[in-house]
Amino acid sequence: MLVRLLFVSFLWQQLVAAVRADGFQSVKSPGAFHTGAMFYDSTSDRLYLTGMHYNMANSMQSLDSASNCFLASIDMNDQQGLGQLDMWQSYGQPDVLETCSTVTMLGGNTNLLVMVGSTEPGGFLPGVDSSIPLSGMAAAIDKSDLSFSAGVTLTARSSPQVRLLYPVSVVSDGNNGIYIAALTSIDATLNTGLGRDPDFPNWQVIQKYGKSLDMTVLKLTYGQEDDSQGDAVLQEIWKEEFPVQFDPNQVGVVPRVYIGGLVVKRDSNGKELVIVAGSTRGRGRAYGDVDENDDEDGFVTILDANSGFYTGSSTREGTDEDDVVGGICDDPSDPDAFYIVGATEGLMGSQQAAPSLIENGQMSSGSLQPFVRKASIGLGSSWTVQWAALPPRETSPPPPSFSYATSCSVSGDTIYVAGTVHGGASMVQGDTQLPSQGGNDVWIASLDKNSGQVHWLTQLGSAGDEQLASHGGIVVNKQGNPLILGDTTGNMFRSRIPGGSDTTTDMFAMSLDANTGNPLDNNFLGRSASGGDGRPILDNFGDEFVEPAEEQPDDNFGDELVEPPVAQSSGVDQVEPKHWAFSGAALALLLIATSLFCCMRHMKNQKAEIQKNSIFFYLQQFAVEDIDLRKSPPGGWHGTYLNELAHGVNKAESRDGIGDPGIGKNHEIAPLTHSSVVTDSLFMDTRSDPKLVDGDEVGFDNITRGDMHGDII
């Protein structure tokens, strides 16, 4: 009887595993989603996501004219895995701009989260000064139900009515200390540019007010006000602003600052330090020594955690070309080490692309290449690794390509780095280009944290556009697998109806295999390609871009067949079973096997239909007709030309008046400069089809080529 129960338990676990999800995409809604960041609580195995959306309150059925904050959680222990939000809370009032950028857990109180962002007067946070057009805010949130516990508005140290705060990074120490880095406007000028999507501006990466931006760092604490027994509050302990110096003779030119993030470390004497990383073309206290070149550089600066005073330790990171810092992450197991990530137009470290691909002109000058650098409290560096992103092979001459890193996370001896690659470009590891999945894609890399050796590199996406979350898009769960968060306009985990009204930006989250970089969810509707460490490049359907030595049997999703483990005898049941026991066990196994077969067959048919619709959706971007899709026996799909197209006659092409392949008469070919594209990529709503806004690509009035983020004039 015990043996029978063991077999039944084993088959039930297989059935649960078959339907467990390791990814999700938000449902259809009238308003767009723009993700900010996520925080993973390893103790409870729970994931928290934050960002902004344009739907009324907690309803997904009606549109709000202004953005709202949201905070959601996923219980990773649940059978649904990443497939279901178990708690969701929207914070906001109708027609009032509110956005949340990032979230962390309060170190001294593990029952609370701290969420930061910006709000206009009249929002969900009480006590916002109505004379200030937009304030920063921090809110303490109860983890058990995501209810509001305490909050505080964040304003500039001087002239708060015109110098406005945009918090973009938050960390907590081991107690109740909270450290926040905030972009700070130099004035309250209303910016007319609203980014790629003026109906749903992405306030994660553009700012509503301010000609230019510098940096403010603050410390808060959570506790009783004045040691009273009343309600707990968030209190401000100190704040320091770091203005950018500029030449007053250069009328209108005010270089801005971009903040990659901050971490808290202790030096060898036990002194607590706040380490802030970012980039700027400007100069000033805490931005490091500037050379004679007028280019963008990264910076790392160290502050005293107790007072906020600048310690005098800072460094300028970069090359003679333009360089940006997009993120920073701590190594919790190494008291001295942290990592910065970003992008460069120069050579910062070990180039992962084969020299032949760089030297033969496949990568144009001005291309933006992602990097990761291991640094120390002493502001030295151990190693730096960078990758190339190459434009589509059929493009001649090749235009500049653009890819960047914005997030990283350390687990054990591994560091994971993630970012976005634009416009159909391909990430490169060695001499192999990972195929673009269409439009903008997300990429992830796994490296040895001690040596910088790359384990694998993955590029994934859909026929639409994907973008990693702006302020913290990758974490690692307690199983050691990386989880990513981002935005999508395509089909990642749900199928949109081609040509329908379901076109707004969704959020998505998914987990990857730590060993291979492949998506763990078989219901992933997009495509991925991963490789490295001498392995062939494989996509998520099991298709090999390098022919395998021998064909392997595949399962119903086209993946390599993995045999289930053989159930082992427990060694407990030593009694000779009776015939009726065998009959009962056989009947139970037959019923469960039949149910499992039906379930898997239904999932196979459903997935096949969704995949087919997704591919047809992708093909609609091209001027071709008369294509039939059929399931390929080795796995994946096989396309067949029909009718006149089978003989080389494309009715759609001739009807649309297309001359050059792939370029329609209505397509605008916009010039791409390093200045506009970097601004567009790192600091605003991104799409793969560039369109000018107010005369430029970044949504502000004027751009000088010298400023990677765009001068705001």
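In segment 36-55, what residues are open to solvent by less than 10 Å² (accessible area, probe 1.4 Å) and among the hydroxyl-bearing types (Ser, Thr, Tyr)?
Selection gives TYR48, THR50, TYR54.
Got a sec? Which strands (runs of 3 or more DSSP E) wholly within segment 58-117 have at least 3 residues that are in contact with a His (Cβ under 7 Å, 6 or more places away or on another chain), acidic (Asp, Glu) and over 23 Å from GLN204 (Cβ atoms)? First the steps, then the outcome.
Working: elements: 63-75, 87-91, 98-105.
Qualifying strands (runs of 3 or more DSSP E): none found.
Any residue in segment 83-90 that is in contact with a Gly (Cβ under 6 Å, 6 or more places away or on another chain) and modelled with pLDDT of 90 or more?
No, that holds for no residue.
Could you please tell me which pairs satisfy a Cβ distance under 7 Å, a separation of 6+ or placement on different chains, a first residue in segment 49-73 that is of a type in the set (Asp, Glu), and a second residue that is not in a loop (DSSP other than H, G, I, E, B)?
Correct list of pairs: ASP64/TYR54; ASP64/ASN55.
Going by the conditions given, is GLY127 assigned to a loop (DSSP other than H, G, I, E, B) and open to solvent by 40 Å² or more (accessible area, probe 1.4 Å)?
yes
Among what's in segment 392-409 and is in contact with a Pro (Cβ under 6 Å, 6 or more places away or on another chain) and surrounded by fewer than 24 Cβ atoms within 10 Å (Cβ to Cβ), pick the residue that is modelled with the lowest pLDDT.
Only one residue fits best here, namely PRO398.
Just give me the residues in segment 138-164 being open to solvent by less than 10 Å² (accessible area, probe 1.4 Å) and out of contact with any Phe, Trp or Tyr (no Cβ under 9 Å at 6 or more places or on another chain), in sequence order.
Listed by number, the residues that qualify are ALA138, LEU154, ALA156.
If you check GLY464 against the conditions, is it assigned to a loop (DSSP other than H, G, I, E, B) and buried (at least 20 other Cβ atoms within 10 Å of the Cβ)?
yes
Tell me which residues, restricted to segment 94-124, are small (Gly, Ala, Ser) and open to solvent by less than 40 Å² (accessible area, probe 1.4 Å). Even if it seems obvious, please write down each step before you answer.
So the first thing to find is which residues in segment 94-124 are small (Gly, Ala, Ser), and the list is 101, 107-108, 117-118, 122-123.
SER101, GLY107, GLY117, SER118, GLY123, listed by residue number.
Looking at segment 282-334 only, could you name the residues that are open to solvent by 30 Å² or more (accessible area, probe 1.4 Å) and acidic (Asp, Glu)?
Within segment 282-334, ASP289, ASP291, GLU292, ASP294, ASP320, GLU321, ASP330, ASP334 qualify.
Give me the pairs, please: first residue somewhere in segment 75-97 and free of Cβ contacts under 8 Å to residues at least 12 places away in the same chain, second residue anywhere and open to solvent by 70 Å² or more (accessible area, probe 1.4 Å) and among the β-branched types (Val, Ile, Thr), beta-carbon distance under 8 Å, and either six or more positions apart or on two chains.
Short answer, once both residue conditions are applied: none.
If I go through segment 287-323 residue by residue, how many of them are without any contact (Cβ under 8 Å) to a residue 60 or more places away in the chain, closer than 21 Å to VAL171 by Cβ, in a loop (DSSP other than H, G, I, E, B) and in contact with a strand residue (DSSP E or B) (Cβ under 6 Å, 6 or more places away or on another chain)?
Going through segment 287-323 one residue at a time, the tally reaches 1.
What number goes with the only condition from (1) among the aliphatic types (A, V, I, L, M); (2) touching a helix residue (DSSP H, G or I) at 6+ places or on another chain (Cβ under 8 Å); (3) modelled with pLDDT of 95 or more; (4) surrounded by fewer than 22 Cβ atoms within 10 Å (Cβ to Cβ) that ALA337 does not pass?
(2)
For segment 146-162, indicate whether the set of residues that are modelled with pLDDT of 95 or more, of a type in the set (S, T, N, Q) and under 15 Å from VAL257 (Cβ atoms) is non-empty.
No; the residues of segment 146-162 include none that is modelled with pLDDT of 95 or more, of a type in the set (S, T, N, Q) and under 15 Å from VAL257 (Cβ atoms).
Exactly one of these conditions fails for MET507: (1) under 16 Å from the mean Cα position of the chain (by Cα); (2) in a loop (DSSP other than H, G, I, E, B). Give me its number.
(2)
Has segment 469-478 got any residue that is of a type in the set (D, E, K, R), part of a strand (DSSP E or B) and over 24 Å from ALA353 (Cβ atoms)?
Residues of segment 469-478 that are of a type in the set (D, E, K, R), as a first pass: 478.
Then keep just the ones that are part of a strand (DSSP E or B); that gives none.
No.
How many residues are open to solvent by 50 Å² or more (accessible area, probe 1.4 Å) and either touching a helix residue (DSSP H, G or I) at 6+ places or on another chain (Cβ under 8 Å) or at pLDDT below 95 (or both) when one looks only at segment 237-251?
Total meeting the criteria: 8.
Do you know which of the residues in segment 410-432 that are at positive phi and modelled with pLDDT under 95 is surrounded by the fewest Cβ atoms within 10 Å (Cβ to Cβ)?
Top of the filtered list is GLY430.
Give the residues of segment 354-369 that are touching an Asp or Glu at 6+ places or on another chain (Cβ under 8 Å) and crowded, with 17+ Cβ neighbours inside 10 Å, sorted by residue number.
Listed by number, the residues that qualify are LEU357, GLY366, SER367, LEU368, GLN369.
The values are calculated or read from the model by the stated rules, or taken from the named source; none is laboratory data. Worth saying up front: this structure is predicted, and the values here are computed from it rather than measured. Cβ sites come from the backbone with ideal geometry, for glycine too, and all protein chains shown count toward neighbours. Heavy atoms of the whole protein, side chains included, go into the accessibility calculation; ligands, DNA and RNA do not. Shrake-Rupley method; radii C 1.70, N 1.55, O 1.52, S 1.80 Å.
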